[in-house]
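*Asks:* Quick one: the structure is below, questions incoming.
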Amino acid sequence: MPKGSPELTEARREEIINACEKLYRVMSFKDITMGDIGDATSFTRTSIYNYFRTKEEIFLALLKREYELWTASLRETAERTDGMTKDEFAGMLAHSLEERAQLLKLLSMNHYDMEAGSRPERLAEFKVAYGGAMRTVSDCLDRFFPDMDAAQKRDFIYTFFPFMFGIYPYTYVTEKQRAAMEEAGVNYVFMSIYEIVYNCVRKLLGD
(Lines give C-alpha, C1' and ligand atoms only; values in the text may rest on other atoms or scores of the structure.)
Protein backbone atom coordinates (compact mmCIF):
# COMPACT_ATOMS: atom_id res chain seq x y z
CA MET A 1 0.00 0.00 0.00
CA PRO A 2 1.44 3.42 -0.92
CA LYS A 3 2.36 5.95 1.72
CA GLY A 4 -0.19 8.68 2.36
CA SER A 5 -3.13 9.56 4.49
CA PRO A 6 -6.06 7.13 4.80
CA GLU A 7 -8.18 9.83 3.18
CA LEU A 8 -5.92 9.94 0.11
CA THR A 9 -5.86 6.16 -0.12
CA GLU A 10 -9.65 5.97 0.02
CA ALA A 11 -10.00 8.78 -2.52
CA ARG A 12 -7.68 6.95 -4.93
CA ARG A 13 -9.59 3.71 -4.46
CA GLU A 14 -12.89 5.49 -5.15
CA GLU A 15 -11.46 7.12 -8.27
CA ILE A 16 -10.39 3.72 -9.59
CA ILE A 17 -13.80 2.20 -8.83
CA ASN A 18 -15.52 5.18 -10.49
CA ALA A 19 -13.36 4.75 -13.59
CA CYS A 20 -14.26 1.07 -13.73
CA GLU A 21 -17.96 1.87 -13.38
CA LYS A 22 -17.82 4.43 -16.18
CA LEU A 23 -16.09 1.99 -18.54
CA TYR A 24 -18.52 -0.80 -17.64
CA ARG A 25 -21.39 1.29 -18.92
CA VAL A 26 -20.00 1.14 -22.46
CA MET A 27 -17.71 -1.92 -22.47
CA SER A 28 -17.99 -5.56 -21.42
CA PHE A 29 -16.25 -7.09 -18.44
CA LYS A 30 -13.98 -9.22 -20.63
CA ASP A 31 -12.91 -6.25 -22.79
CA ILE A 32 -11.96 -3.92 -19.93
CA THR A 33 -8.29 -4.13 -18.94
CA MET A 34 -6.32 -2.79 -16.00
CA GLY A 35 -4.72 -0.41 -18.50
CA ASP A 36 -8.11 0.94 -19.55
CA ILE A 37 -9.07 1.55 -15.93
CA GLY A 38 -5.72 3.14 -15.13
CA ASP A 39 -5.92 5.43 -18.16
CA ALA A 40 -9.29 6.70 -16.91
CA THR A 41 -7.80 7.90 -13.61
CA SER A 42 -5.86 11.10 -12.85
CA PHE A 43 -2.68 9.34 -11.73
CA THR A 44 -0.18 7.04 -13.42
CA ARG A 45 -1.52 3.78 -14.75
CA THR A 46 0.98 1.64 -12.85
CA SER A 47 -0.15 3.23 -9.57
CA ILE A 48 -3.40 1.31 -9.81
CA TYR A 49 -1.59 -1.83 -8.65
CA ASN A 50 -0.91 -0.15 -5.32
CA TYR A 51 -4.63 -0.30 -4.58
CA PHE A 52 -5.98 -3.31 -6.49
CA ARG A 53 -4.07 -6.41 -7.56
CA THR A 54 -6.43 -7.46 -10.38
CA LYS A 55 -9.27 -6.22 -12.53
CA GLU A 56 -11.54 -8.62 -10.68
CA GLU A 57 -10.75 -6.91 -7.37
CA ILE A 58 -11.85 -3.56 -8.80
CA PHE A 59 -15.11 -5.02 -10.05
CA LEU A 60 -15.67 -6.75 -6.72
CA ALA A 61 -15.18 -3.40 -4.97
CA LEU A 62 -17.75 -1.89 -7.35
CA LEU A 63 -20.19 -4.69 -6.54
CA LYS A 64 -19.53 -4.17 -2.83
CA ARG A 65 -20.38 -0.49 -3.20
CA GLU A 66 -23.56 -1.32 -5.11
CA TYR A 67 -24.70 -3.65 -2.32
CA GLU A 68 -23.95 -0.96 0.27
CA LEU A 69 -25.94 1.67 -1.64
CA TRP A 70 -28.88 -0.71 -2.04
CA THR A 71 -28.75 -1.63 1.65
CA ALA A 72 -28.66 2.03 2.72
CA SER A 73 -31.67 2.79 0.52
CA LEU A 74 -33.67 -0.11 1.97
CA ARG A 75 -32.86 0.88 5.55
CA GLU A 76 -33.77 4.51 4.95
CA THR A 77 -37.14 3.54 3.48
CA ALA A 78 -37.88 1.01 6.23
CA GLU A 79 -36.95 3.37 9.07
CA ARG A 80 -39.34 6.09 7.93
CA THR A 81 -42.24 3.65 7.50
CA ASP A 82 -44.32 2.32 10.38
CA GLY A 83 -45.88 -0.53 8.45
CA MET A 84 -46.27 -2.04 4.99
CA THR A 85 -48.73 -4.35 3.35
CA LYS A 86 -47.39 -7.20 1.24
CA ASP A 87 -48.15 -5.20 -1.89
CA GLU A 88 -46.32 -2.17 -0.52
CA PHE A 89 -43.30 -4.22 0.52
CA ALA A 90 -43.12 -5.90 -2.89
CA GLY A 91 -43.30 -2.49 -4.51
CA MET A 92 -40.60 -1.10 -2.25
CA LEU A 93 -38.16 -3.93 -3.03
CA ALA A 94 -38.98 -3.73 -6.73
CA HIS A 95 -38.41 0.02 -6.84
CA SER A 96 -35.14 -0.26 -4.90
CA LEU A 97 -33.71 -2.71 -7.47
CA GLU A 98 -35.13 -0.75 -10.39
CA GLU A 99 -32.72 2.00 -9.29
CA ARG A 100 -29.76 -0.41 -9.05
CA ALA A 101 -29.50 -1.86 -12.55
CA GLN A 102 -25.70 -1.79 -12.20
CA LEU A 103 -25.92 -4.13 -9.21
CA LEU A 104 -28.08 -6.56 -11.18
CA LYS A 105 -25.79 -6.39 -14.21
CA LEU A 106 -22.72 -7.20 -12.12
CA LEU A 107 -24.52 -10.10 -10.44
CA SER A 108 -25.65 -11.64 -13.71
CA MET A 109 -22.41 -11.49 -15.66
CA ASN A 110 -19.26 -11.55 -13.57
CA HIS A 111 -19.88 -12.61 -10.00
CA TYR A 112 -17.94 -15.89 -10.08
CA ASP A 113 -14.97 -14.37 -11.94
CA MET A 114 -14.79 -11.43 -9.55
CA GLU A 115 -14.62 -13.67 -6.51
CA ALA A 116 -12.19 -16.15 -8.06
CA GLY A 117 -9.78 -13.40 -9.12
CA SER A 118 -9.66 -11.53 -5.81
CA ARG A 119 -7.46 -11.95 -2.75
CA PRO A 120 -9.12 -13.52 0.33
CA GLU A 121 -9.09 -10.24 2.25
CA ARG A 122 -10.87 -8.43 -0.59
CA LEU A 123 -13.39 -11.23 -0.83
CA ALA A 124 -14.01 -11.03 2.93
CA GLU A 125 -14.63 -7.27 2.65
CA PHE A 126 -17.19 -7.93 -0.04
CA LYS A 127 -18.91 -10.66 1.97
CA VAL A 128 -19.45 -8.15 4.79
CA ALA A 129 -21.46 -5.98 2.39
CA TYR A 130 -23.30 -8.99 0.96
CA GLY A 131 -24.17 -10.23 4.44
CA GLY A 132 -25.34 -6.74 5.36
CA ALA A 133 -27.76 -6.76 2.44
CA MET A 134 -29.19 -10.11 3.52
CA ARG A 135 -29.59 -8.91 7.10
CA THR A 136 -31.29 -5.74 5.94
CA VAL A 137 -33.91 -7.62 3.95
CA SER A 138 -34.36 -9.99 6.90
CA ASP A 139 -34.78 -7.01 9.25
CA CYS A 140 -37.45 -5.62 6.93
CA LEU A 141 -39.33 -8.90 7.11
CA ASP A 142 -39.07 -8.79 10.91
CA ARG A 143 -40.35 -5.23 10.97
CA PHE A 144 -43.24 -5.49 8.55
CA PHE A 145 -44.28 -9.16 8.84
CA PRO A 146 -43.80 -10.22 12.47
CA ASP A 147 -46.09 -13.22 11.94
CA MET A 148 -43.60 -14.87 9.59
CA ASP A 149 -41.70 -17.63 11.35
CA ALA A 150 -37.95 -18.22 11.07
CA ALA A 151 -38.30 -20.89 8.38
CA GLN A 152 -40.48 -18.66 6.21
CA LYS A 153 -38.01 -15.79 6.48
CA ARG A 154 -35.10 -18.08 5.67
CA ASP A 155 -36.94 -19.44 2.63
CA PHE A 156 -37.63 -15.89 1.45
CA ILE A 157 -33.98 -14.83 1.77
CA TYR A 158 -32.54 -17.92 0.11
CA THR A 159 -34.98 -17.73 -2.76
CA PHE A 160 -34.89 -13.98 -3.34
CA PHE A 161 -31.11 -13.49 -3.33
CA PRO A 162 -30.36 -16.24 -5.89
CA PHE A 163 -33.30 -14.92 -7.94
CA MET A 164 -31.53 -11.54 -8.20
CA PHE A 165 -28.83 -13.10 -10.39
CA GLY A 166 -31.33 -13.69 -13.20
CA ILE A 167 -33.14 -10.35 -13.24
CA TYR A 168 -30.79 -8.39 -15.50
CA PRO A 169 -30.41 -10.87 -18.37
CA TYR A 170 -34.18 -11.27 -18.55
CA THR A 171 -34.97 -7.56 -18.52
CA TYR A 172 -32.11 -6.38 -20.79
CA VAL A 173 -32.29 -8.33 -24.06
CA THR A 174 -30.25 -7.37 -27.13
CA GLU A 175 -31.66 -7.35 -30.65
CA LYS A 176 -29.40 -10.31 -31.46
CA GLN A 177 -30.96 -12.26 -28.57
CA ARG A 178 -34.47 -11.27 -29.65
CA ALA A 179 -33.81 -12.44 -33.20
CA ALA A 180 -32.40 -15.75 -31.95
CA MET A 181 -35.45 -16.35 -29.74
CA GLU A 182 -37.79 -15.60 -32.63
CA GLU A 183 -35.90 -18.03 -34.85
CA ALA A 184 -36.06 -20.66 -32.09
CA GLY A 185 -39.79 -20.11 -31.63
CA VAL A 186 -39.37 -18.80 -28.08
CA ASN A 187 -42.17 -16.45 -27.07
CA TYR A 188 -40.29 -13.80 -25.11
CA VAL A 189 -42.50 -11.58 -22.97
CA PHE A 190 -40.77 -8.39 -21.82
CA MET A 191 -41.03 -7.53 -18.15
CA SER A 192 -39.38 -4.56 -16.44
CA ILE A 193 -37.16 -4.90 -13.37
CA TYR A 194 -40.01 -3.54 -11.29
CA GLU A 195 -42.56 -6.02 -12.65
CA ILE A 196 -40.40 -9.12 -12.33
CA VAL A 197 -39.22 -8.28 -8.78
CA TYR A 198 -42.70 -7.27 -7.61
CA ASN A 199 -44.23 -10.51 -8.91
CA CYS A 200 -41.53 -12.64 -7.30
CA VAL A 201 -41.82 -10.94 -3.89
CA ARG A 202 -45.61 -11.18 -3.88
CA LYS A 203 -45.43 -14.91 -4.60
CA LEU A 204 -42.83 -15.42 -1.87
CA LEU A 205 -44.96 -13.58 0.67
CA GLY A 206 -48.08 -15.53 -0.25
CA ASP A 207 -51.69 -14.41 0.10
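The values are calculated or read from the model by the stated rules, or taken from the named source; none is laboratory data. No experiment lies behind these values; they were computed from the predicted model shown. In this analysis, Cβ positions are derived from the backbone assuming ideal geometry, glycine residues included, and neighbour counts consider all displayed protein chains.
*Asks:* Limited to the stretch 129-144, what total is found for residues that are more than 16 Å from THR77 (Cβ to Cβ) and in contact (Cβ under 8 Å) with a residue 24 or more places away in the chain?
*Replies:* Residues meeting the conditions: 3.
*Asks:* Turning to a different aspect of this structure: State whether one or more residues within the stretch 170-190 are part of a helix (DSSP H, G or I) and within 22 Å of LEU69 (Cβ to Cβ).
*Replies:* Scanning the stretch 170-190 turns up at least one residue that is part of a helix (DSSP H, G or I) and within 22 Å of LEU69 (Cβ to Cβ).
*Asks:* Name the pairs whose Cβ atoms lie under 6 Å apart, with the first residue in the stretch 107-120 and assigned by TED's automatic domain parsing to the domain that holds TYR24 and in a helix (DSSP H, G or I), the second modelled with pLDDT of 95 or more and of a type in the set (A, V, I, L, M), and 6 or more positions between them or separate chains?
*Replies:* If the second residue must be modelled with pLDDT of 95 or more and of a type in the set (A, V, I, L, M), no pairs are left.
*Asks:* Of everything in the stretch 80-92 that's touching a Phe, Trp or Tyr at 6+ places or on another chain (Cβ under 6 Å) and among the aliphatic types (A, V, I, L, M), which residue is surrounded by the fewest Cβ atoms within 10 Å (Cβ to Cβ)?
*Replies:* Within the stretch 80-92, the match that is surrounded by the fewest Cβ atoms within 10 Å (Cβ to Cβ) is MET84.
*Asks:* Tell me which of these GLY83 doesn't satisfy, since it passes every other one: (1) in a helix (DSSP H, G or I); (2) farther than 23 Å from GLU125 by Cβ.
*Replies:* (1)
*Asks:* (1) part of a loop (DSSP other than H, G, I, E, B); (2) farther than 30 Å from PRO146 by Cβ; (3) more than 22 Å from the chain's Cα centre (by Cα); (4) not charged (D, E, K, R): which one isn't true of ILE48, the others all being true?
*Replies:* For ILE48, the exception is condition (1).
*Asks:* Answer yes if at least one residue in the stretch 109-125 is touching a Pro at 6+ places or on another chain (Cβ under 7 Å) and either surrounded by fewer than 19 Cβ atoms within 10 Å (Cβ to Cβ) or farther than 26 Å from THR171 by Cα (or both), and no otherwise.
*Replies:* Checked against the condition, which is being touching a Pro at 6+ places or on another chain (Cβ under 7 Å) and either surrounded by fewer than 19 Cβ atoms within 10 Å (Cβ to Cβ) or farther than 26 Å from THR171 by Cα (or both), the stretch 109-125 yields no hits at all.
*Asks:* Return yes or no: is GLY206 of a type outside the set (Lys, Arg) and on the phi > 0 side of the Ramachandran plot?
*Replies:* The answer is yes for GLY206.
*Asks:* Among the polar types (S, T, N, Q), surrounded by fewer than 19 Cβ atoms within 10 Å (Cβ to Cβ) and not in a helix (DSSP H, G or I): does that describe THR77?
*Replies:* Spelling it out, it is not the case that THR77 is among the polar types (S, T, N, Q), surrounded by fewer than 19 Cβ atoms within 10 Å (Cβ to Cβ) and not in a helix (DSSP H, G or I).
*Asks:* Working carefully through the options ASP87, ASP147, ASP155, find the one that is over 20 Å from PHE52 (Cβ atoms), modelled with pLDDT of 95 or more and in contact with a Lys or Arg (Cβ under 8 Å, 6 or more places away or on another chain).
*Replies:* ASP87
*Asks:* While we're on this one: If a residue has to be under 13 Å from LEU204 (Cα atoms) and in a helix (DSSP H, G or I) to count, how many in the stretch 138-157 make the cut?
*Replies:* 8
*Asks:* State all residues of the stretch 42-63 that are crowded, with 18+ Cβ neighbours inside 10 Å and over 15 Å from ASP113 (Cβ atoms); if no residue qualifies, say none.
*Replies:* ILE48, TYR51
*Asks:* Confirm whether THR81 is at pLDDT below 95 and closer than 26 Å to ARG202 by Cβ.
*Replies:* The answer is yes for THR81.
*Asks:* Follow-up question, since we're still on this one. If we keep just the residues of the stretch 162-188 that are free of Cβ contacts under 8 Å to residues at least 12 places away in the same chain and within 30 Å of ALA133 (Cα to Cα), which is farthest from the chain's Cα centre (by Cα)?
*Replies:* Step by step, filter the stretch 162-188, then rank; the result is THR174.
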